[in-house]
1. Kindly indicate whether T317 is hydroxyl-bearing (S, T, Y), closer than 24 Å to D54 by Cβ and either open to solvent by 60 Å² or more (accessible area, probe 1.4 Å) or without any contact (Cβ under 8 Å) to a residue 60 or more places away in the chain (or both).
2. Take the residues of segment 141-184 that are open to solvent by 60 Å² or more (accessible area, probe 1.4 Å), among the polar types (S, T, N, Q) and under 21 Å from the mean Cα position of the chain (by Cα): which is nearest to A232 (Cα to Cα)?
3. Filter segment 244-266 for residues that are within 28 Å of M139 (Cα to Cα), part of a loop (DSSP other than H, G, I, E, B), of a type outside the set (G, A, S) and open to solvent by less than 10 Å² (accessible area, probe 1.4 Å) and give the result.
4. I'm trying to understand the selection: among the residues of segment 110-120, which are open to solvent by 30 Å² or more (accessible area, probe 1.4 Å) and either hydroxyl-bearing (S, T, Y) or within 23 Å of the chain's Cα centre (by Cα) (or both)?
5. Looking at V361, V368 in this structure, which one is more than 20 Å from the chain's Cα centre (by Cα), surrounded by 12 or more Cβ atoms within 10 Å (Cβ to Cβ) and at pLDDT 95 or above?
6. Can you tell me which of L224, L218, L237 is open to solvent by 40 Å² or more (accessible area, probe 1.4 Å), not charged (D, E, K, R) and not in a loop (DSSP other than H, G, I, E, B)?
7. Give the residue that is surrounded by the fewest Cβ atoms within 10 Å (Cβ to Cβ), with candidates limited to residues of segment 57-96 that are modelled with pLDDT of 90 or more and aliphatic (A, V, I, L, M).
8. Do you know which residues across segment 280-311 are open to solvent by less than 20 Å² (accessible area, probe 1.4 Å) and among the basic types (K, R)?
Amino acid sequence: MKKLNIYIALLFAVVSFSACNDYLDVKPKDRVIPETADDFRALLTSAYNGVPADKMRLTFRTDELNLDNSAWDLSGVKDIYLWNDVNQSSNTLTFSYQFFYKVIMYANHIIDAGVNATDGTSKEIDQIVGEAYLLRALMHFNLVNQYGLPYNASTASTDQGIPISLKIDTEAEYFENTVEEVYAQIVLDIDAAMAKINVDRYGTGLNYRFSKLAALALKSRVYLYMGDFSTAKKVALEALAINSDLQDLVADASLAPHMYNSVESILALEVVFDSEIESASVVSDKLIGMYNQTNDLRFGLFFTDNGGGEFKPNKGTESDSKCSFRNAEMYLTIAECAAQTDDLDQARNYLNQLKAKRLLVDFYNTEVTRIAGLNKAELIAEIANERYREFAFEGHRWFDLRRTTQEQINHAYKTESATLNQGDPRYTLRYPDEAINNNPNLSN
């Protein structure tokens, strides 16, 4: 069996060719060993740079977009769009299973060796190690939400998850852990990070790094996906106690809220959409229909009229649009959790606080009246719709569908069509052939 040697080789090869190779001493031969706090910070920066951009490919599996029939060559994404996960075209873009584990390997080395770093203060070293714990947690979280079953408290102890990697060990065999085990490790890593991390919030330009605020945002999302609504709400409120700003589109609609320099940015790390994806797609009629095109100020920021009744995605194609967490998510998490636990007034309050920054005033006032009349089930559905609108093309939709309704979706491209049925097994990705070849303990 090929174990993790390939990932170890990739780890050291990438580091040796990184922009920071002037600090690296070769000890032993063919391996670069960071020693100082600056060395470990540089290694962590390489890890951040290696975070995969799978979320933009997952968008093709959602109800957010359709393939553009006028595009020249869509062979790279057609099978993803039609959920054809077996016998794909050789041109089909692959998901990044192995690269998640490469980032985890970076984090593992920093966690294991970073505490012994030289030439740095204890606070600097703790911050670096704390960020590594959080990056490892995020990578395992993304992996289990792509390749593992959705969290279900009644079955998580036996449901298929993904292998957990906590050590660089070329002799170890890696087996699938259960969903429950994976989430338990994610929580352990977040808690370990919270004991070390000491930067409350990074400023613009450094906000690709994990801070205490970003740690709270990740923790809140994890507990939301676990269905622990009380904890998810509590942690989201803690995050907003550090920064509760929302980008006010009513006052100034020139800067979209998902941008890295938005006042509500928490962690600007992941590429979730880009111009290449935009050129292959048009916005789905369903998503367009979710907006009041006149009164919802997001509409003009997120979409461009392509003529002929079609719209192209505009959101996420900017170079400054990396986004993993932002404050709007905390507001909607609180709203969802409050509604789920029967505090409908709090749910309406946090939902309306977000809407107040997105809608023209007169329309907002009518929305407040409408939402006041919603019962619990209707309010939960409205909050889900608001997530659909607010987080379009930010990588949330596929995960939101998985953890909630797993509803039926129909896709068509030219003469081909496909249906993802409610509860379809294809809501969970298959392991890539390369992963199974490297580790026969995995199976689809």
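1. So T317 fits the description; yes.
2. So, considering only residues that are open to solvent by 60 Å² or more (accessible area, probe 1.4 Å), among the polar types (S, T, N, Q) and under 21 Å from the mean Cα position of the chain (by Cα), the one nearest to A232 (Cα to Cα) is N152.
3. Those that are within 28 Å of M139 (Cα to Cα), part of a loop (DSSP other than H, G, I, E, B), of a type outside the set (G, A, S) and open to solvent by less than 10 Å² (accessible area, probe 1.4 Å): P257, H258, E264.
4. Correct list: T118 only.
5. V368 is the lone residue from the list that is more than 20 Å from the chain's Cα centre (by Cα), surrounded by 12 or more Cβ atoms within 10 Å (Cβ to Cβ) and at pLDDT 95 or above.
6. Answer to the selection: L237.
7. Applying the filter and picking the extreme gives V86.
8. R298
The values are calculated or read from the model by the stated rules, or taken from the named source; none is laboratory data. In this text, all values refer to a predicted model and were calculated from it rather than measured experimentally. Because the Cβ atoms are built from the backbone with ideal geometry, glycine has one as well, and the counts that use them run over all protein chains shown. Ligands, DNA and RNA are excluded from the accessible area calculation, which covers all protein heavy atoms including side chains. Shrake-Rupley method; radii C 1.70, N 1.55, O 1.52, S 1.80 Å.
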